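Here's the structure, in structure tokens; my notes come after.
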Amino acid sequence: MTPHLPATPPAPGSQIHTMAPATVAVSAGRPPRQPDGPMNPPIVMASTYHAGGDVGYGRYGNPTWEMLESAVGALEGGVATSYASGMAAVAATIELVPVGGVVVAAPGAYYGSLALLRRLEERGRLRVRMADLTDLDSATEALQGADLCWAESPTNPLLHLVDLEDLAGRSRAAGALLAVDNTFATPILQRPLEVGADIVVHSATKYLSGHSDLLLGLAVARDPGIADRLVEVRSGTGSVPGTFEAWLALRGLRTLHLRVERAQANAVELAVRLASHPAVARVHFPGIGGMLSVELHGTVATTEAVTAATRLWVHATSLGGVESSLERRRRWPGESTDVPETLVRLSVGIEDVDDLWGDLCEALAPVLP
Ligand SMILES: *Cc1c(COP(=O)(O)O)cnc(C)c1O
């Protein structure tokens, strides 16, 4: 039995949790207000603590993690546990599945999560049932006898939306926990726990921290008992976040709402303009968030030439940073063959939209018919 602390619930009696997400992002996760107390959370660098308290050792807790966890927990409406990376949070959540249990997942999930599920299935740890979760009838069939449903909305990289409230009802009826990877939408646009999901997972590497300078993950549970099990996995496996990363993530989180609003406004405008661009065959944009995919006319080679030609847009994987980036998704061998070869996924940042458009148009010019 691993010694572990219970997960940190949001501060009792706090008014913050009834306020709007913009207010929560700015105000939650701060030290108590007292004369000469710091307004910002301190970075507590400690592997050990004086005996006699609840924490004792650095793998079981850290005051800087707790500040970040209380802010993200308040935003999502649950109890948050932070991890070394998004994948560590994914792995901890999957660890809740009993041996031999069934996980329902969709082909449009993050490919690292699907790869982990497949590896665990090969070793006999669990069974995976793939289902299109945008089709709720096929979801219902797959959920029979399942232990966990793994959902993402919008999906990656085709950006389809899943009706999470309906899926939560169907998961509950089947006796399965519903975990939602909310990395793309963020709690500014979508709060799955409010519509019945059990666990929300984040790669805070992306929008929550927002500056492409760290790796960190969180799992947020509605039920404190589940949150305790998530902490136990972290303590037992040592998948703890770096203290400085937790501090930076919280610093980035303070502007989450502004970044998401601006990225979304830019994405809406670019989706409209791209839809009538002669080099573009199809635009995938769900109307929310800052992620956008386009299928280009032309070949793999011309698509690669476009992604290499931009001067403002960064040619790189990942997403959710202040800077706009793009990549041809099929350049990754692990990407699903359902994704068209000439699909370019764009993570729209917070720059001036006309500058972004100008740079894209120059890069797309050689593809014009
Ligand atoms: C990046 C990402 C992950 C994995 O997060 P890391 O921080 O890279 O480990 C999981 N889910 C989604 C949707 C992601 O985009």
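The values are calculated or read from the model by the stated rules, or taken from the named source; none is laboratory data. Worth saying up front: this structure is predicted, and the values here are computed from it rather than measured. Using ideal geometry, Cβ is built from the backbone for each residue, glycine included, and neighbour counts are taken over all protein chains shown.
The table for this structure:
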quantity	calculated
Single match in L256, L218 (criterion: touching a Leu at 6+ places or on another chain (Cβ under 7 Å) and either within 22 Å of A22 (Cβ to Cβ) or surrounded by 21 or more Cβ atoms within 10 Å (Cβ to Cβ) (or both))	L256
Single condition L296 does not satisfy, out of (1) modelled with pLDDT under 95; (2) surrounded by 14 or more Cβ atoms within 10 Å (Cβ to Cβ)	(1)
Options V268, V314: the member that is among the β-branched types (V, I, T) and in contact with an Asp or Glu (Cβ under 8 Å, 6 or more places away or on another chain)	V314
Qualifying residue in region 116-127 (condition: crowded, with 20+ Cβ neighbours inside 10 Å, more than 20 Å from the chain's Cα centre (by Cα) and within 24 Å of S293 (Cβ to Cβ))	no
Residue in region 55-66 that is within 15 Å of the ligand (Cβ to nearest atom), within 22 Å of T183 (Cβ to Cβ) and assigned by TED's automatic domain parsing to the domain that holds L215 present	no
Output for region 299-333, where each listed residue is within 22 Å of the chain's Cα centre (by Cα), more than 14 Å from the ligand (Cβ to nearest atom), within 21 Å of A365 (Cα to Cα) and surrounded by fewer than 21 Cβ atoms within 10 Å (Cβ to Cβ)	V314, H315
Residue that is farthest from D163 (Cα to Cα) [pool: residues in region 107-134 that are charged (D, E, K, R) and within 16 Å of the ligand (Cβ to nearest atom)]	R119
Subset of region 248-278 (residues that are touching a residue at least 24 places away in the same chain (Cβ under 8 Å) and in contact with a strand residue (DSSP E or B) (Cβ under 6 Å, 6 or more places away or on another chain))	A267, L274
Residue among A115, A84 that is hydrophobic (A, V, I, L, M, F, W, C), assigned by TED's automatic domain parsing to the domain that holds G196 and out of contact with any helix residue (DSSP H, G or I) (no Cβ under 9 Å at 6 or more places or on another chain)	A115
Region 216-244, subset of a type in the set (S, T, Y) and within 16 Å of the ligand (Cβ to nearest atom), residue farthest from L68 (Cα to Cα)	T237
Any helices (runs of 4 or more DSSP H) falling wholly within region 107-201 and containing at least 2 residues that are closer than 30 Å to M19 by Cβ and of a type in the set (S, T, Y)	none
Unmet requirement for Y57, which otherwise passes all of (1) over 24 Å from Y207 (Cα atoms); (2) in contact (Cβ under 8 Å) with a residue 12 or more places away in the chain; (3) surrounded by 10 or more Cβ atoms within 10 Å (Cβ to Cβ)	(2)
P21 touching a Gly at 6+ places or on another chain (Cβ under 7 Å) and surrounded by 15 or more Cβ atoms within 10 Å (Cβ to Cβ)	no
Pair list, Cβ under 7 Å, 6 or more apart: region 309-321 residue under 16 Å from N156 (Cα atoms) and not assigned by TED's automatic domain parsing to the domain that holds W332, other residue at pLDDT below 95 and assigned to a loop (DSSP other than H, G, I, E, B)	none
Subset of region 86-106 [within 16 Å of the ligand (Cβ to nearest atom) and outside any loop (DSSP other than H, G, I, E, B)]	G86, M87, A88, A89, V90, A91, A92, T93, I94, V103, A105
Which numbered condition T303 misses (of (1) polar (S, T, N, Q); (2) at pLDDT 95 or above; (3) in a loop (DSSP other than H, G, I, E, B))	(3)
Filtered residues of region 10-28 (kept if at pLDDT 55 or above and of a type outside the set (S, T, N, Q))	I16, H17, M19, A20, P21, A22, V24, A25, V26, A28
Pairs, first crowded, with 24+ Cβ neighbours inside 10 Å in region 78-98, second aromatic (F, W, Y), C-beta under 6 Å, six or more apart	S82/W65; A89/Y83
Candidate set: region 164-215, residues that are among the acidic types (D, E) and within 16 Å of the ligand (Cβ to nearest atom); chosen: the one surrounded by the fewest Cβ atoms within 10 Å (Cβ to Cβ)	D213
